[in-house]
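The values are calculated or read from the model by the stated rules, or taken from the named source; none is laboratory data. The structure displayed is predicted, hence computed values, not measured ones. Virtual Cβ from ideal backbone geometry, glycine too; neighbours counted across all protein chains shown. Note: accessible area is taken over every heavy atom of the protein model, side chains too, but ligands, DNA and RNA are not part of it. Shrake-Rupley method; radii C 1.70, N 1.55, O 1.52, S 1.80 Å.
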Amino acid sequence: MGIELSRELAAATLRKTAEVGLANAKANLPYIKQTILDLSRKLDAQGPSSAVVVGAGPSLHRRNPATVLRESCYSGAVVACDSALGYCLRNGLVPEYMVTVDSHPHRMIRWLGDPALKSRPPDDYFIRQDLDPIHQDEVLANKTIIQLVNRHAHAIKSILSTSVDPGVTRRCLDAGMDLYWWNPLYDDYDIPGSWSRRVYELTGAPCMVTGGNVGSSAFAFTDAVLQVPKVALVGFDLGYAPGTHLRNTQYYYELLDLLGEKAGDALIEIKNPYTGEQWLTDPTYYWYRECLLQIISVARCETFNCTEGGVLFGDGVKVIDLREFLHEINEVP
C-alpha cells in the first residue's frame with residue numbers, strides 16, 4: 001500500500017505547495033537582493049574538493065557526525081539543512097551554508113529559534129518525533145537555538161527558497177546571515193503559465209529542483225552551485241529507526257486522516273543491507289528517496305552516503321562510513 005500511495009504524491013505536493021509558495025515569493029520580494037547565481041560568481045575557482053551535506057534524520061544523533069568532522073578539522077564545505085542547523089551548532093560545527101525550502105508559517109522558523117514561540121498555536125510536531133532530542137524541552141531548545149544562531153549567523157550563508165514564510169526571512173536577516181535566493185521547480189517550466197515560470201518571472205531567481213524536501217534541495221544546491229566533485233551525505237535516513245512507533249512518524253496525522261485504523265499498513269519496511277537493520281519509511285519519505293536517487297543519477301558529483309543507517313542506497317550512491325570518506329578524500333591522516 002505504501003509504495004502505491006507514494007506514486008500519487010507528486011501531484012498532491014504540487015497542489016499543496018505551489019499556491020502558498022507563490023504567495024510567499026510575493027511577500028519576500030523586498031528581501032530578494034542576491035540569488036544563488038550571484039553566490040556562484042563569488043565562489044573561488046580553487047574552492048574545496050568535497051562537501052558534506054547534513055540532513056536531520058535519526059542517524060544524526062545515533063552516529064554524531066558533527067564530532068567526527070570537527071575533530072578531523074575537515075576543510076571541505078559543510079551544507080546544513082535548516083532542521084540540522086541547531087544540531088551542528090550545539091556540537092561545534094558551523095556550516096558555511098544553510099538551505100531552507102518549506103513554506104510552513106511557523107514550524108520552519110523553529111530551526112532558527114523562534115522569538116515569537118509563546119504566541120504560536122499548539123503543535124506536537126517537534127516533541128512527537130525523533131527529529132532532535134533537544135526539542136523534548138521546547139522552551140529551553142528554542143532559547144538555546146536563538147542564542148547559537150545569533151552568535152554564528154555572520155559565518156552562515158542562508159540559501160533561501162522564495163517559498164519560505166517571510167518570518168523565516170526576517171529571522172535570518174535579524175540574526176545577520178547573508179541571503180541567497182532560488183525558486184523551487186514546482187512543475188515543467190516550459191509549460192506556458194506553469195507555477196515555475198510564474199515564480200521565475202516574478203522574482204528573477206533561478207529555479208532549482210527540490211526533490212520535495214530540504215535534504216534533496218541541499219544536495220541539488222551543493223552539486224549545481226558549489227560544484228564540488230565529491231559529496232557526502234549524513235543524517236539522510238529518509239525513514240525511521242528500528243522500533244519507531246507509528247505515532248512518532250512525521251506524517252502520522254496525514255496517514256490517520258487518510259486510512260484511519262489502517263494507517264500502519266502504509267508503512268514500508270526496508271532492510272538496510274549495510275547495517276543489517278530493518279528500517280521503516282512511509283509513502284512520503286519513500287517518494288523523497290526515489291526523487292533523490294533520480295537527482296543523484298544526473299548529478300555531476302560523486303555521491304557518498306555516510307549516514308550509517310536509513311534507506312538511501314541504490315545506483316549512483318557509494319555507501320561508506322564518514323571516517324572512510326574522509327580518508328578517501330585525504331582530509332584525515
Considering only residues that are closer than 21 Å to Ala220 by Cβ and open to solvent by less than 40 Å² (accessible area, probe 1.4 Å), which ones fall in the stretch 84-100? Ala84, Leu85, Cys88, Pro95, Tyr97, Met98, Val99, Thr100
Which condition from (1) aromatic (Phe, Trp, Tyr); (2) modelled with pLDDT of 95 or more; (3) within 15 Å of Thr284 (Cα to Cα); (4) part of a helix (DSSP H, G or I) is the one that Phe236 breaks? (4)
Name the single residue, out of those in the stretch 33-63 being assigned to a loop (DSSP other than H, G, I, E, B) and hydrophobic (A, V, I, L, M, F, W, C), that is least open to solvent (accessible area, probe 1.4 Å). Ala56
Collect the residues in the stretch 275-285 that are part of a loop (DSSP other than H, G, I, E, B) and either among the charged types (D, E, K, R) or surrounded by 15 or more Cβ atoms within 10 Å (Cβ to Cβ) (or both), keeping them in residue-number order. Thr275, Glu277, Asp282
From the list Tyr288, Tyr252, Tyr240, exactly one residue is of a type in the set (Ser, Thr, Tyr), open to solvent by 20 Å² or more (accessible area, probe 1.4 Å) and closer than 18 Å to Ser59 by Cβ. Which is it? Tyr288
If you go through the stretch 71-83, how many residues are in a helix (DSSP H, G or I) and loosely packed, with under 15 Cβ neighbours inside 10 Å? 1
Report yes if some residue within the stretch 85-98 is assigned to a loop (DSSP other than H, G, I, E, B), in contact (Cβ under 8 Å) with a residue 60 or more places away in the chain, farther than 18 Å from Pro58 by Cα and not aliphatic (A, V, I, L, M); otherwise report no. yes
Considering the stretch 176-199 alone, what residues qualify as being part of a helix (DSSP H, G or I) and either open to solvent by less than 20 Å² (accessible area, probe 1.4 Å) or within 21 Å of Thr222 (Cα to Cα) (or both)? Ser196, Val199
